């Protein structure tokens, strides 16, 4: 009788734990999704900045470079680094300086993401 | 240096919400074995009917307890791995919970031995006791599956939080 009661109580405890875990999982999923949406927004803005640096208009290029420095997405940073070499060698001094600063910032972003986290 | 950049390259290209390794773990180490063990009941009930209560025959032996013990040990290992990998500051309370879960996993193996002995050694065991054993097995299994889902989302949350923090650090 004692063994049966013990097992019965333990079953109830486990079932209650299951329900609590289900609620906690749903909350965590929502939080992760919300943060992921923010990451997607940052990535979209960074992609827009890449489009800006491909432009012919110097003002737009400078804006794009500044945006890229502000939006530190490792994935987009990788794409942008490849585009920056031509801008660093540009005859326009402002663009060249901005591109150089952006390059350094993006390399920092990429190396810090490689050291601290693994996005697989 | 090259290795770090290779790693960063992979990292940069795979910025998805869900961790593929964790998905593999959840599907192939938790859900699939749980599903197959659960299949025993409908098999006993509909495909190859056996004498007595099929629910009891399927679950009273406590096979689910061994499954749960393994899943709980895996949970402890995966959580610790993710905590270090994602450079998370360790939460003392949750680490205590993880250690308790690890100890509970070994205790479940002991309970499995007790249940198995009780069911096998006493052929005319009280039917109600067998039903309670079956319910216990199932509740422990469902609970460990839910705990693994919880850990899955916790690790996912680690990743999104770390990435968002990295993106916002200089904004």
Query raised in the report: How many of the residues making up region B:82-112 are in contact with a helix residue (DSSP H, G or I) (Cβ under 9 Å, 6 or more places away or on another chain) and in a helix (DSSP H, G or I)?
Result: 17
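If you go through region B:139-155 one residue at a time, do you hit one that is more than 17 Å from residue B:26 (Cβ to Cβ) and in contact (Cβ under 8 Å) with a residue 12 or more places away in the chain? Talk me through it step by step, then tell me what you get.
Of region B:139-155, the ones more than 17 Å from residue B:26 (Cβ to Cβ) are B:139-140.
Right, trim to in contact (Cβ under 8 Å) with a residue 12 or more places away in the chain and you get B:140.
Yes, because at least one residue in region B:139-155 is more than 17 Å from residue B:26 (Cβ to Cβ) and in contact (Cβ under 8 Å) with a residue 12 or more places away in the chain.
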Query raised in the report: If the Cβ limit is 6 Å and pairs must be 6+ apart or interchain, which residue in region B:84-106 that is within 22 Å of residue B:66 (Cα to Cα) pairs with which residue that is surrounded by 14 or more Cβ atoms within 10 Å (Cβ to Cβ)?
Result: B:98/B:76; B:98/B:79; B:101/B:72; B:101/B:76; B:102/B:76; B:105/B:69; B:105/B:72; B:105/B:73
Requested in this report: Check whether at least one residue in region B:138-156 is over 14 Å from the mean Cα position of the chain (by Cα), buried (at least 21 other Cβ atoms within 10 Å of the Cβ) and at the interface with another protein chain (Cβ under 8 Å from one of its Cβ atoms), and report yes or no.
Outcome: yes
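What about residue A:47, is it within 13 Å of the chain's Cα centre (by Cα), surrounded by 14 or more Cβ atoms within 10 Å (Cβ to Cβ) and not in a helix (DSSP H, G or I)?
Values: within 13 Å of the chain's Cα centre (by Cα): yes; surrounded by 14 or more Cβ atoms within 10 Å (Cβ to Cβ): yes; not in a helix (DSSP H, G or I): no.
Against the criterion (within 13 Å of the chain's Cα centre (by Cα), surrounded by 14 or more Cβ atoms within 10 Å (Cβ to Cβ) and not in a helix (DSSP H, G or I)), residue A:47 does not qualify.
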Query raised in the report: Considering region B:96-114 alone, what residues qualify as being closer than 18 Å to residue B:61 by Cβ and more than 12 Å from chain A (Cβ to nearest Cβ)?
Result: B:109, B:110, B:112, B:113
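Can you confirm whether region A:49-56 contains a residue that is touching a helix residue (DSSP H, G or I) at 6+ places or on another chain (Cβ under 9 Å) and within 14 Å of chain B (Cβ to nearest Cβ)?
First, pick out the residues of region A:49-56 that are touching a helix residue (DSSP H, G or I) at 6+ places or on another chain (Cβ under 9 Å): A:49-55.
Filter again for within 14 Å of chain B (Cβ to nearest Cβ), leaving A:49-50.
Yes, region A:49-56 contains at least one residue that is touching a helix residue (DSSP H, G or I) at 6+ places or on another chain (Cβ under 9 Å) and within 14 Å of chain B (Cβ to nearest Cβ).
Could you please give the count of residues in region B:115-136 that are facing chain A (nearest Cβ under 9 Å) and either part of a helix (DSSP H, G or I) or modelled with pLDDT of 80 or more (or both)?
8
The values are calculated or read from the model by the stated rules, or taken from the named source; none is laboratory data. Just so you know, these numbers come straight off a predicted model, no measurement behind them. Note that each Cβ is placed from the backbone with ideal geometry, even for glycine, and that neighbours are counted across all protein chains shown.
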